[in-house]
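Reviewing the structure listed below.
The values are calculated or read from the model by the stated rules, or taken from the named source; none is laboratory data. Small disclaimer: the values here were computed from a predicted structure and weren't measured. FYI the Cβ positions are ideal-geometry reconstructions off the backbone, even for glycines, and counts take in every protein chain you see.
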Amino acid sequence: MKINRQLLSLACALACAGNVVHAQDVAPQQNEVLDTVSVTMKRDSSMRPYARMNEVLTLVQRYAQGLFRLEFSLEAKDPKAPLPQTPKLAVVHADAHIPIHIQANGSFELPVLPKEQAKDAEFASNIPKGSSNMRGRILLTVKPEQLDMATVRKIMKTARTMRSEILPWYLRWAFPQVEGVRICSAQANWELEWPNTATAGQLLSVPLSADPKDFDPDESGASKKAPSARRQCTTLSGEERWPDSARLVAPLDASLSVRLSGQP
């Protein structure tokens with residue numbers, strides 16, 4: 001009986017130790033979830049309803065032929081009350097809490113949810129309610145080395161179709177009218193190049209002129225630079241008479257964006 005009691009005591013000790021270790025392993029995970037979801041993040045119904053945002057994202061994903069993507073950023077409504085230095089954002093619905101990764105420059109993308117999940121989804125953040133605006137913009141997925149006049153015309157046709165035929169009127173605010181493909185670089189050294197069908201192996205080319213009033217809207221610190229030091233731009237509307245095979249030849253630092261209606 002004495003040996004049995006010792007074995008019993010040892011077994012109890014090991015079991016208690018195992019419970020202590022298990023509790024220590026689990027508790028931090030529980031606290032972490034509570035800190036992220038319940039303490040620092042609060043639902044913000046003042047932001048645009050996610051169901052509408054999700055409808056736009058779904059239509060772009062389905063009909064934009066992979067040419068466009070939407071990028072978002074937050075900005076303070078009152079410049080005197082800036083946003084937190086490390087803003088946190090998530091999409092919350094009945095089944096899940098989806099954290100949104102915010103890039104160093106403040107931009108982020110939003111997830112496309114099934115319609116049933118998006119119906120009751122809301123934004124949650126650590127930003128005081130009603131103190132921020134969400135701004136979206138259209139970005140091209142096409143790289144400068146992939147651009148030719150056929151692609152420019154495809155971009156323009158798809159953009160017009162998205163706005164006039166695909167998106168219902170109440171969502172057109174999310175997809176402004178596109179007027180052209182903007183090409184920007186530090187040096188205005190762009191041209192279009194295409195094969196001469198009359199002479200095998202010979203190339204034809206035409207230089208593209210910079211617009212003296214157009215500068216790269218995405219250039220970092222642009223407001224502090226003199227016009228002569230800013231990245232210059234030119235725009236292709238797709239209505240030019242150059243052939244579809246005419247491809248862009250541009251400096252390595254060239255970037256593409258869409259010129260929207262109303263922009264200079």
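Scanning segment 64-81 for residues that are closer than 20 Å to Met53 by Cα and small (Gly, Ala, Ser), we see that the one that is surrounded by the most Cβ atoms within 10 Å (Cβ to Cβ) is Ala64.
Looking at this structure, is Leu256 under 21 Å from the mean Cα position of the chain (by Cα), modelled with pLDDT of 95 or more and assigned to a strand (DSSP E or B)? Criteria met by Leu256. Please work out which residue is farthest from the chain's Cα centre (by Cα), limiting yourself to segment 231-253 and to residues that are of a type outside the set (A, V, I, L, M) and closer than 19 Å to Val178 by Cα. Among those residues, the one meeting the criterion is Glu240.
Being basic (Lys, Arg) and closer than 30 Å to Leu192 by Cβ: is that true of Lys119 here? So Lys119 does not fit the description; no.
Taking (1) more than 21 Å from the chain's Cα centre (by Cα); (2) in a helix (DSSP H, G or I) in turn, Asp120 satisfies each apart from (2).
Condition first: in a helix (DSSP H, G or I) and in contact (Cβ under 8 Å) with a residue 24 or more places away in the chain. Can you find one or more residues in segment 66-89 that meet it? Scanning segment 66-89, I find no residue that is in a helix (DSSP H, G or I) and in contact (Cβ under 8 Å) with a residue 24 or more places away in the chain, so the answer is no.
When Leu204, Leu171, Leu236 are checked against the criterion of being surrounded by 14 or more Cβ atoms within 10 Å (Cβ to Cβ) and more than 30 Å from Ser73 (Cβ to Cβ), Leu204 stands alone in meeting it. When restricted to residues that are assigned to a strand (DSSP E or B) and in contact (Cβ under 8 Å) with a residue 60 or more places away in the chain, segment 178-193 contains 9. Residues in segment 159-177 that are touching a residue at least 24 places away in the same chain (Cβ under 8 Å), farther than 12 Å from Val56 by Cα, in a helix (DSSP H, G or I) and not small (Gly, Ala, Ser): Thr161 alone.
Across segment 113-127, the qualifying residues are those that are out of contact with any His (no Cβ under 9 Å at 6 or more places or on another chain) and surrounded by 15 or more Cβ atoms within 10 Å (Cβ to Cβ), and the one among them that is nearest to Arg259 (Cα to Cα) is Phe123.
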